[in-house]
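First the structure, in the form of structure tokens, and then the observations on it.
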Protein chains: 6
Amino acid sequence: MNERILEHDNQVVRRFFALDTQTYKDGALNLKTKELLGLVASLVLRCDDCISYHIAQCRDAGVNRDEFFEAFSVGLVVGGSIVIPHLRRAVDFLDRLETASA
Amino acid sequence: MNERILEHDNQVVRRFFALDTQTYKDGALNLKTKELLGLVASLVLRCDDCISYHIAQCRDAGVNRDEFFEAFSVGLVVGGSIVIPHLRRAVDFLDRLETASA
Amino acid sequence: MNERILEHDNQVVRRFFALDTQTYKDGALNLKTKELLGLVASLVLRCDDCISYHIAQCRDAGVNRDEFFEAFSVGLVVGGSIVIPHLRRAVDFLDRLETASA
Amino acid sequence: MNERILEHDNQVVRRFFALDTQTYKDGALNLKTKELLGLVASLVLRCDDCISYHIAQCRDAGVNRDEFFEAFSVGLVVGGSIVIPHLRRAVDFLDRLETASA
Amino acid sequence: MNERILEHDNQVVRRFFALDTQTYKDGALNLKTKELLGLVASLVLRCDDCISYHIAQCRDAGVNRDEFFEAFSVGLVVGGSIVIPHLRRAVDFLDRLETASA
Amino acid sequence: MNERILEHDNQVVRRFFALDTQTYKDGALNLKTKELLGLVASLVLRCDDCISYHIAQCRDAGVNRDEFFEAFSVGLVVGGSIVIPHLRRAVDFLDRLETASA
């Protein structure tokens, strides 16, 4: 789907997508920390697709289950009980990732 | 002001405040990482008081200026240009903290 | 799903879930009023799962259809037309609850 | 300031303001309950002016301090720690109202 | 579904729906501009149903693909990367509208 | 303040600021329409600084008072009564701009 978006000749949209990719590169903060930041930002803004994406990226960066739950706990306390349905889907997605790679 | 809130005998409010404190303790993720998570969550939810609070906590936890700007960049890209006025106040607050401790 | 979340040994998450349950207990405000507060908060924050949950709780607490629509009207006016798709699903959920118990 | 807004001949804006007033009238739910709904909606959406307005309206409708704190607790748990700075200002506003009328 | 909502005798809800319709009528700003405003507001508030509705209305008002992508770019930059999953669904909906009418 | 932000060598932040400027340039949609989009997006996201900024830009682009109020009406209906305090400040800011240039 991103391809369909990017094949349209809109420079602002294309540059935004490039910038989004650049954001999570290793730097003063490492990739793992940045992906955790993206995950918690997605949790408190309550975007399921974004949460799943960052969970997968975090896993690839070596985040373990205890670390995931601590990140979840920050998102839950900052964002409140309105985050709970998204947390349920986040844990379900994480479980399926772990099962698939077991 | 927290004292005025907590002196009222409401157990849910009191427990929430205790839980909020517990959330950022060292654990599977260290204090520094958790405070960065709190900072970016506050940025994308655009709460100036929360941003200032977590900037101060992050600084105490050893976050340096390059790391702050990378955390800011995640908040800016995830949250969009609507975050910019809060980013201005965040950088201003950080500058004043650094000046005060120089 | 809550069980899968709670079986992980994260005290902040567990305490948050316990606090969430405690929040709606009868007190200075009765259960019915508190569930209505939870319902309107969920409407303006636009979380379908939370809305359905509080509609079911409100119904168990004796909220009738006229009262539901007045609560909906507060959520709609405070939250704006962006609430309308959630209101549609809320009324659909309420209709199905009423049909199931008829 | 509302007068300056309403003296401009825009029918949608005028009707919205009239509808906003109508929303909180006694009906199937009484004024007090509706004002509490408006208060908690304002808390989770984090609008200080709206919170102060509904606190004043709730007080006129007979909401007492214990009831206020239970409404605050619902807003805090649903909306999360990001609500805390607004809760501080809410309690401060309530304290000043109570002092003024003592 | 709107019919089910409107057949209930709640005057605030009915008036809100009427006001919502009135909002987008030709006036000092034309229908096309107003529908674009509704579209970008829906994008930054991230409501898929509202986005699809305004895309269809914009198309009927003559918005072309380049104009859509410029409106999307404003929504994306103001609202941030959290808008991306909604943008994907928006472009997919627009593609299907265009295919259906080809 | 933007200068203080941009003098720090963070490429993501700098590119985001450049992209933000590029977003509102004349294109398939003209500058005036894009600034109106930015204004309504800022209204429904309730950012006073962003609203003031876009009001000033809209005025420079030739938006008149009737057009402003129609844009405000879209923001008010989409975003709900929670937008009202921001609308008050928006009208106050617009009044001051008009007085200053009279």
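From the list D:S42, D:S52, the one residue that fits, being within 17 Å of F:L87 (Cβ to Cβ), touching a residue at least 40 places away in the same chain (Cβ under 8 Å) and among the hydroxyl-bearing types (S, T, Y), is D:S52.
Looking only at residues in segment C:76-85 that are over 9 Å from C:L43 (Cα atoms) and among the β-branched types (V, I, T), which one is farthest from the other protein chains (Cβ to nearest Cβ)? That would be C:I84.
So which residues in segment B:83-102 are β-branched (V, I, T) and more than 18 Å from the chain's Cα centre (by Cα), if there are any at all? Correct list: B:T99 only. When the residues of segment E:55-70 are filtered to those that are in contact (Cβ under 8 Å) with a residue 12 or more places away in the chain and within 17 Å of A:I5 (Cα to Cα), which remaining residue is nearest to the other protein chains (Cβ to nearest Cβ)? Per the criteria, the residue is E:E67.
Can we say E:D48 is more than 11 Å from the chain's Cα centre (by Cα) and surrounded by fewer than 18 Cβ atoms within 10 Å (Cβ to Cβ)? So E:D48 does not fit the description; no. Cβ separations smaller than 7 Å between residues 6+ apart or across chains give the following pairs from segment A:84-101 residues that are under 20 Å from C:S52 (Cα atoms) to residues that are of a type in the set (V, I, T): A:H86/A:I51; A:L87/C:I5; A:R88/C:I5; A:A90/A:I51; A:A90/A:I55.
Per this entry, A:S73 is counted among residues that are crowded, with 19+ Cβ neighbours inside 10 Å, within 14 Å of chain D (Cβ to nearest Cβ) and in contact with a Ser or Thr (Cβ under 7 Å, 6 or more places away or on another chain).
Given the conditions (1) aliphatic (A, V, I, L, M); (2) buried (at least 19 other Cβ atoms within 10 Å of the Cβ); (3) more than 14 Å from chain B (Cβ to nearest Cβ); (4) closer than 23 Å to D:R14 by Cα, which single one is not true for E:L31? All conditions pass for E:L31, except number (2). When the residues of segment B:1-28 are narrowed to those that are facing another protein chain (nearest Cβ under 7 Å) and among the small types (G, A, S), which ends up farthest from A:C58 (Cα to Cα)? Within segment B:1-28, the match that is farthest from A:C58 (Cα to Cα) is B:G27. Checking each residue in segment D:53-68 for being closer than 19 Å to B:V12 by Cβ, in contact with a Gly (Cβ under 9 Å, 6 or more places away or on another chain) and buried (at least 18 other Cβ atoms within 10 Å of the Cβ) picks out only D:C58.
Residues in segment F:58-69 that are closer than 11 Å to F:K32 by Cβ and either among the acidic types (D, E) or at pLDDT below 95 (or both): F:D60, F:E67.
Within segment B:35-45, none of the residues are over 10 Å from the mean Cα position of the chain (by Cα) and more than 7 Å from every other protein chain (Cβ to nearest Cβ). When D:R96, D:R88, D:R14 are checked against the criterion of being over 22 Å from F:R88 (Cβ atoms) and surrounded by fewer than 24 Cβ atoms within 10 Å (Cβ to Cβ), a single residue qualifies: D:R88.
Against the list (1) small (G, A, S); (2) closer than 20 Å to D:L87 by Cβ; (3) touching a residue at least 24 places away in the same chain (Cβ under 8 Å), the condition B:A18 fails is (3).
Taking segment F:70-102 as the range and being over 15 Å from E:E35 (Cα atoms) and hydrophobic (A, V, I, L, M, F, W, C) as the test, the residues that pass are F:I82, F:V83, F:I84, F:L87, F:A90, F:V91, F:F93, F:L94, F:L97, F:A100, F:A102.
The values are calculated or read from the model by the stated rules, or taken from the named source; none is laboratory data. What you see is a predicted model, and the numbers here were worked out from it, not measured in a lab. Reconstructed Cβ throughout: ideal geometry from the backbone, glycine too, with neighbour counts over all protein chains shown.
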